[in-house]
Amino acid sequence: MSDLQHQRLAELSRELRLSAVPDLYSAIAQSAAAKAASFADFLEEILRAERDARRARAREMFARVAGFPVVKTLDGFDFGFATGVPRQQIHELAGLAFVEHAENVVFLGPSGVGKTHLAIALGYLATQNGHKVRFTSANGHCSLPPPHSSPRSARRWPKAGSRNGSSCSPNRSS
């Protein structure tokens, strides 16, 4: 393929917002030529590659926007250390049926048993399956005003780290 033709394909790809095509076109074209693939097979392969690249970018963006403090996976969780964690139930949650049913999962327990690790791991798994996720800790929920509150009522909520900062209820004494 000539440089001029490559430039035209790159420009058309930009206009059509096919961002992966310019980078993938040459390799896919060579593979199609080696296999003597039909034009329809070649076009299908190009479109599949573009779709796969978009899905990969979406998964990366979902994970970035989720607000995970670090990325954790279920493979990295030490069930041997956290003996009280029901392995079967966690693996069931990894199926993400709770997401499909619009249900919440809350982990309760003492400090240091892996609640945050499991929450991040399930959230990250959901992002890799194309779901939008927002990670927050219980501490983060306690320091935020109610979602539909007025600016005036938001001032009554304790600030994070204040004397009343560990309370999840509004400070009504103001």
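The values are calculated or read from the model by the stated rules, or taken from the named source; none is laboratory data. Just so it is clear, the structure is predicted and the values come from calculations on it, not from any experiment. Neighbour counts are summed over all protein chains in view; Cβ atoms, including those assigned to glycine, are modelled from backbone coordinates with ideal geometry. Accessible surface is based on the protein model in full, side chains and every heavy atom, while ligands, DNA and RNA are left aside. Shrake-Rupley method; radii C 1.70, N 1.55, O 1.52, S 1.80 Å.
Of the accessible area of region 74-142, with the probe set at 1.4 angstrom, what percent is carbon plus sulfur? Kindly include the intermediate steps, with their values, before the conclusion.
Values: 2350 of 4530 Å².
On region 74-142, the fraction of accessible area on carbon and sulfur atoms equals 52 percent.
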Exercise for the section: Using R₀ = 41 Å, calculate the FRET efficiency as 1/(1 + (r/R₀)^6) where r is the Cβ-Cβ separation of His101 and Ser19; round to 0.05. Expected result: 0.75
Fill in the blank from the handout: Mean accessible area per residue over region 1-136 (1.4 angstrom probe, all protein chains present, square angstrom) is 70 Å²
Completion exercise
Sorted largest first, the C-alpha extents of region 1-117 along its principal axes in whole angstrom are 64, 29, 28
Exercise for the section: Can you pull a Stokes-Einstein diffusion coefficient for region 51-127 at 20 °C (1.002 mPa s), Rh from Kirkwood over Cα pairs, as a whole number of µm²/s? Expected result: 158 µm²/s
